[in-house]
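Nothing in this text is a laboratory measurement; each read-out follows from the coordinates by a stated rule. Model, not experiment: these values are computed from the prediction. Neighbour counts are summed over all protein chains in view; Cβ atoms, including those assigned to glycine, are modelled from backbone coordinates with ideal geometry.
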Amino acid sequence: DGDPASITPATDVYLLGAALYEALCGRPPHAGASLREVMFEAWMSKPPPFDDDTPRELAALCAASMERSLDARIPTAEAFRDGLLAWVAHRSSRASSDAARRDLDAIRARAPAALASEATWEAALACRFGFEQALAQWRDNRDARDGLREVIALLVERAVALRDVVGARSLLAELSEPDGRLRDAVTALERDLALTREGASHARVVQREMDLSAWSKERPWVFVALAGANVALALWITLHRSVGTRGSPY
């Protein structure tokens, strides 16, 4: 605005943010066909657009350094430096998270039928471990936190596909805010399995009743056969004793 009194250490912070933006994106934050247009863009200082592959933490640091409002801008160059050092310290966590994210994207690219395979199970567990490692290194890693939630949701879908209601419920409980679609899928599976068990139980009862009914019809003939066998046995014993008595020398 042309007022020399407005040039303060906050101006240096803004310039640090602009330099970081050019390092990240390969272009200055303000552009125009003339110097006047460039100066006007700088004076308006709208939030600059970032490329998709810009690290989120650095993009946030850069944007906060270039806030038009002094109250919202990072207060000192030392605070800006601390932000850069924090990004360097979290590099390992981000690397683990990024690798797990690539693997998770590869799993999602597979055919839906592959969801229930053992290979998918092992790959999903490896992704989960990667996200958990990233969070162990840096608890505020939002990418890792989001990725962990997504891979657990994927494991819930797999458990539902395998009709593993116990596993699905256990995994669903790990989500602080379960997706309504997943919750409905697990509930539907529980209902379906309950109906299946009820049907099987009813079938067993019907079969038992049919077996008892058949036994009731055949029971008189069984009794007749047993009675006949008893009579025949008694006659045989009587005749045997009689013959044995007549043939005795005494």
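When you filter the GluC sites (Glu not before Pro) in segment 47-81 for DSSP loop state and at most 10 other Cβ atoms inside 10 Å of their Cβ, nothing is left. Given R0 = 51 Å, the distance between the Cβ atoms of Arg68 and Leu162 translates into a calculated FRET efficiency of 0.40.
Can you give the log10 of the normalised intensity I(q)/I(0) at q = 0.14 Å⁻¹, computed with Debye over equal Cα scatterers of segment 40-130? Computed log10 I(q)/I(0) values: -0.69. Here, segment 41-191 is characterised by an Rg to Rh ratio of 1.12, where Rg is the alpha-carbon radius of gyration and Rh the Kirkwood radius.
In this simple spin-label approximation, Ala5 and Ala188 carry label points 7 Å from Cα along the Cα→Cβ vector, and these lie 6.8 nm apart.
Working from Cα pairs under 8 Å separated by at least six residues, relative contact order for segment 3-55 is 24 percent.
With q set to 0.15 Å⁻¹, the log10 of I(q)/I(0) for segment 14-68, from the Debye formula over equal scatterers at the Cα positions, is -0.38.
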